[in-house]
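Chemist: Here it is: the structure, laid out below.
The values are calculated or read from the model by the stated rules, or taken from the named source; none is laboratory data. From a predicted model like this one, the values you see are computed outputs, not experimental measurements. Cβ placement follows ideal geometry from the backbone for every residue including glycine, while neighbour counts extend to all protein chains displayed.
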Amino acid sequence: MSHIRNVMFGAAAALLAGAMPAVAQVQCAAVSPGDAGREEFVVFFGVGSAALDQAAQAVVQRAARQATATFKNEVCLIGRTSPTGSPEANRRLADQRITAVRNALTQRGVRRETLGSFTPAAAFGMQRDRAENQADRSVTIIFVR
C-alpha cells in the first residue's frame, strides 16, 4: 500500500512541478476554412492592422460563447493577410492577428490550451487577383471538436 501511495505522490509532485505535459497541442495544419461539418467564425481586420474593431470583437464574443457553452476542446485559428507587402511582413501580421484573436478568446473564458493556430503558405491572398480583399485580412476560428 505504501508503494502505491509513493507512486501516486510522485506523479502528483511531478505534475505540479511541470515535469509532465498538461495537454497535447492542438494540431491545425490539416484544418482548412470551409471544411464540411465544422463550425467557424471569421474575424476581419483593417488593412495592415491586427486591432480588433467593434465588429471583430462581436464575432470573437459569439465564438467564445459557443466554445464555452459546447465545451469545445480543439479550436484552430487560421490567419490570413492580403497579398500586398513582403512575405515576412505578412507572416508577422498574420501571427499578430492570431495573437489578438487568441487573447480576446481567452479573456472571454476559452481555455488557452484548447487553441491552436496555423498560417498556411497560401495565407497571403486567398483571392488570386492580388487586390485588397476583406477575406484576405482575417482570422478564421474553427471548432475542430
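Chemist: Look through the stretch 121-142, keep the residues that are surrounded by 19 or more Cβ atoms within 10 Å (Cβ to Cβ), modelled with pLDDT of 65 or more and touching a Lys or Arg at 6+ places or on another chain (Cβ under 8 Å), and return whichever of them is nearest to R38 (Cα to Cα).
Modeler: If we take residues in the stretch 121-142 being surrounded by 19 or more Cβ atoms within 10 Å (Cβ to Cβ), modelled with pLDDT of 65 or more and touching a Lys or Arg at 6+ places or on another chain (Cβ under 8 Å), then I142 is nearest to R38 (Cα to Cα).
Chemist: List pairs: first in the stretch 25-48 and within 13 Å of A135 (Cα to Cα), second at pLDDT below 85, Cβ under 6 Å, 6+ apart or cross-chain?
Modeler: From residues that are within 13 Å of A135 (Cα to Cα), the pairs are F44/Q134.
Chemist: Among the residues of the stretch 61-83, write down those that are among the aliphatic types (A, V, I, L, M), in a helix (DSSP H, G or I) and out of contact with any Leu (no Cβ under 6 Å at 6 or more places or on another chain).
Modeler: The answer is A63, A67, A69.
Chemist: So which residues in the stretch 96-114 are part of a helix (DSSP H, G or I), closer than 19 Å to K72 by Cβ and not hydroxyl-bearing (S, T, Y)?
Modeler: Result: I98, V101, R102, N103, A104, L105, Q107, R112, E113.
Chemist: Taking the stretch 68-83 as the region of interest, how many residues are farther than 24 Å from G48 by Cβ and out of contact with any strand residue (DSSP E or B) (no Cβ under 6 Å at 6 or more places or on another chain)?
Modeler: 6
Okay, residues lined up against (1) closer than 16 Å to I142 by Cβ; (2) out of contact with any Phe, Trp or Tyr (no Cβ under 6 Å at 6 or more places or on another chain); (3) assigned to a helix (DSSP H, G or I); (4) at pLDDT below 90:
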| residue | (1), (2), (3), (4) |
| --- | --- |
| V43 | yes, yes, no, no |
| A50 | no, yes, no, no |
| G85 | no, yes, no, yes |
| A94 | yes, yes, yes, no |
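Chemist: Within the stretch 67-94, track down each residue that is surrounded by fewer than 16 Cβ atoms within 10 Å (Cβ to Cβ) and closer than 18 Å to V42 by Cα.
Modeler: Of everything in the stretch 67-94, just one residue is surrounded by fewer than 16 Cβ atoms within 10 Å (Cβ to Cβ) and closer than 18 Å to V42 by Cα, namely T68.
Chemist: OK, next. Give the stretch 50-81 a look and list any residue that's within 17 Å of L93 (Cα to Cα) and either in contact (Cβ under 8 Å) with a residue 60 or more places away in the chain or of a type in the set (A, V, I, L, M) (or both), or say none.
Modeler: Selection gives A50, A51, L52, A56, L77, I78, G79, R80.
Chemist: Can you find, within the stretch 100-120, the residue that is nearest to V60 (Cα to Cα) among those that are touching a Gly at 6+ places or on another chain (Cβ under 9 Å) and at pLDDT 90 or above?
Modeler: Ranking the candidates gives V101 first.
Chemist: Which of the residues belonging to the stretch 105-116 are touching a helix residue (DSSP H, G or I) at 6+ places or on another chain (Cβ under 8 Å), touching a residue at least 12 places away in the same chain (Cβ under 8 Å), on the phi < 0 side of the Ramachandran plot and surrounded by fewer than 19 Cβ atoms within 10 Å (Cβ to Cβ)?
Modeler: R108 - this is the single residue of the stretch 105-116 that is touching a helix residue (DSSP H, G or I) at 6+ places or on another chain (Cβ under 8 Å), touching a residue at least 12 places away in the same chain (Cβ under 8 Å), on the phi < 0 side of the Ramachandran plot and surrounded by fewer than 19 Cβ atoms within 10 Å (Cβ to Cβ).
Chemist: Give just the number: which of (1) small (G, A, S); (2) surrounded by 16 or more Cβ atoms within 10 Å (Cβ to Cβ); (3) modelled with pLDDT under 85 does A56 not satisfy?
Modeler: With (1) small (G, A, S); (2) surrounded by 16 or more Cβ atoms within 10 Å (Cβ to Cβ); (3) modelled with pLDDT under 85 applied to A56, the lone miss is (3).
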